[in-house]
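Asker: Take this structure, written in structure tokens, and hold onto it; I'll ask about it next.
The values are calculated or read from the model by the stated rules, or taken from the named source; none is laboratory data. If you're wondering where the values come from, they're calculated on a predicted model, not measured in any experiment. Because the Cβ atoms are built from the backbone with ideal geometry, glycine has one as well, and the counts that use them run over all protein chains shown.
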Amino acid sequence: MNNQEILAMGQQYVMNTYGRLPMALVKGEGAWVWDAEGRQYLDFVSGIAVNSLGHAHPRVVEAITKQAHALLHCSNLYWIEPQVKLAKILVENSCADKAFFCNSGAEANEGAIKLARKYAYQNHGPEKYEIITAVNSFHGRTLATITATGQTKYQKGFAPLPEGFTYVPFNDLEALTKAVGPHTCAVMLEPVQGEGGVVPADPAYLTGVKRLCEEKGLLLIFDEVQTGLGRAGKFLAYQHYGVEPDIITLAKSLGGGFPIGAMLAKDHVAKAFQPGDHASTFGGNPLASSAALAAMETLLQGGVLENAQVVGEYFKDKLTELIGQFSFVKEVRGMGLILGLELTIEGKDIVARCLEQGLLINCTNVNVLRFLPPLIINRDEVDQALEILKKAMA
Ligand SMILES: *Cc1c(COP(=O)(O)O)cnc(C)c1O
């Protein structure tokens, strides 16, 4: 089938929840993807921060192939080696002590919300249930996570929403301090707001948030679904700040392209969950865990984190040069390979022109071009992307 035939069939049979671009992808390798008519694109979206090791990474492909022949699924009624090894890697490379596995970022955040409430219930009583999140945050599309998300556009039309969430402006410690009340049990933040327009937390803000949480007995939850696992240049983005959360949520790139999410927690917090309190049929199943184990081993052994930092800095410098060259380029933000270019105009036409020229990028928050290339990208590929971007902006 060609692009047009696939698109037409999709419009007839697939629910209309996405503003999709008019093409169908069929193949990927490294930082490149191909559409149904053989056109090649440089992929600076990476399936929205998912394909961090690039497409078809041989170690991930091999792990999936081997595991598919051995055991696809068996439920969490039994132990499996890839899941416990994956938990060990995540724990050893973070401040957390225990891992829970699920299938997506929203599900990881649902787990974090439940764990924070259960912990508060056991340690402080039933009056402590409220979670403070940030304006312009993004935490997922389930009912609880759209409510946690501090953007009304995701909530409109879905009332009644679950109770127990309040919002404060991001990077405003005074507002957060004032928002803490008798019902507050936790604060949930992204170290770099991704969907909200690539907005990093100020170091002094996160330090202040941590101090406040300690003073008031609140749990600190970091949603690292987008920023984690090397995307920001370190294994976890909070490691740039030296501020340790109590709960961390992960998904997107965890499985190297295969769907899997995780919720990590410190031991004293994780203890609030006992058998029967939380579960997921597919969570961390043999295939997902094997893919994620291979992806995490590759990420941690292969110089990938270093590459994300070094090439990320190179790319950020080059993007900064665009400020002088185009009057509508306002600011460059981000760290590692989560970078945003804020414009004074809407970004969607530039995204469309980049696509025509063979570069995939996306636009978030209307006027922020977001760049999420694979962490294995090289300078030459960054230069190629910049050439196309400049042509598209001219
Ligand atoms: C993508 C994202 C989510 C939601 O993840 P899904 O896998 O789509 O449910 C949650 N939080 C952040 C920060 C994200 O970027």
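Asker: Inspect all residues belonging to region 301-313 and state whether any of them is part of a strand (DSSP E or B) and either touching a residue at least 12 places away in the same chain (Cβ under 8 Å) or hydrophobic (A, V, I, L, M, F, W, C) (or both).
Answerer: Checked region 301-313: no residue is part of a strand (DSSP E or B) and either touching a residue at least 12 places away in the same chain (Cβ under 8 Å) or hydrophobic (A, V, I, L, M, F, W, C) (or both).
Asker: Could you list all residues from region 300-328 that are within 21 Å of the chain's Cα centre (by Cα) and closer than 21 Å to Arg370 by Cβ?
Answerer: Val304, Leu305, Asn307, Ala308, Gln309, Val310, Val311, Gly312, Glu313, Phe315, Lys316
Asker: Somewhere in region 53-74, is a residue crowded, with 21+ Cβ neighbours inside 10 Å, within 23 Å of Thr249 (Cβ to Cβ) and under 18 Å from the mean Cα position of the chain (by Cα)?
Answerer: Checked region 53-74: at least one residue is crowded, with 21+ Cβ neighbours inside 10 Å, within 23 Å of Thr249 (Cβ to Cβ) and under 18 Å from the mean Cα position of the chain (by Cα).
Asker: Okay, next question. Can you tell me which residue is nearest to the ligand (Cβ to nearest atom) among those in region 247-268 that are surrounded by 24 or more Cβ atoms within 10 Å (Cβ to Cβ) and within 16 Å of Leu218 (Cβ to Cβ)?
Answerer: Ile248
Asker: OK, next. Do we have any residue at all in region 141-161 that's assigned to a loop (DSSP other than H, G, I, E, B), surrounded by 18 or more Cβ atoms within 10 Å (Cβ to Cβ), more than 15 Å from the ligand (Cβ to nearest atom) and touching a residue at least 12 places away in the same chain (Cβ under 8 Å)?
Answerer: no
Asker: Right, here's the next one. For residues that are part of a helix (DSSP H, G or I) and more than 21 Å from Asn285 (Cα to Cα), scanning just region 93-114, find the one that is nearest to the ligand (Cβ to nearest atom).
Answerer: Ile113
Asker: From (1) in contact with a Phe, Trp or Tyr (Cβ under 7 Å, 6 or more places away or on another chain); (2) buried (at least 24 other Cβ atoms within 10 Å of the Cβ); (3) farther than 12 Å from Ala49 by Cβ, pick out the condition that doesn't hold for Ala272.
Answerer: (2)
Asker: What number of residues within region 275-295 satisfy the criterion of being part of a helix (DSSP H, G or I) and either small (Gly, Ala, Ser) or surrounded by fewer than 24 Cβ atoms within 10 Å (Cβ to Cβ) (or both)? Full working, then the answer.
Answerer: Start the filter on region 275-295 by keeping residues that are part of a helix (DSSP H, G or I), which leaves 286-295.
From what's left, either small (Gly, Ala, Ser) or surrounded by fewer than 24 Cβ atoms within 10 Å (Cβ to Cβ) (or both): 286-292, 294-295.
Residues meeting the conditions: 9.
Asker: Looking at (1) surrounded by 20 or more Cβ atoms within 10 Å (Cβ to Cβ); (2) assigned to a loop (DSSP other than H, G, I, E, B), find the lone condition where Tyr238 falls short.
Answerer: Of (1) surrounded by 20 or more Cβ atoms within 10 Å (Cβ to Cβ); (2) assigned to a loop (DSSP other than H, G, I, E, B), only one is false for Tyr238: (2).
Asker: Does region 36-52 hold any residues that are surrounded by fewer than 20 Cβ atoms within 10 Å (Cβ to Cβ) and acidic (Asp, Glu), and which are they?
Answerer: Hit for region 36-52 is Glu37, nothing else.
Asker: Determine which member of the set Val199, Val209, Val168, Val180 is within 15 Å of the ligand (Cβ to nearest atom), at pLDDT 95 or above and either in contact with a His (Cβ under 7 Å, 6 or more places away or on another chain) or on the phi < 0 side of the Ramachandran plot (or both).
Answerer: Val199
Asker: Looking only at region 34-68, count how many residues are away from the ligand (no atom under 16 Å from the Cβ) and in a loop (DSSP other than H, G, I, E, B).
Answerer: So the answer is 9.
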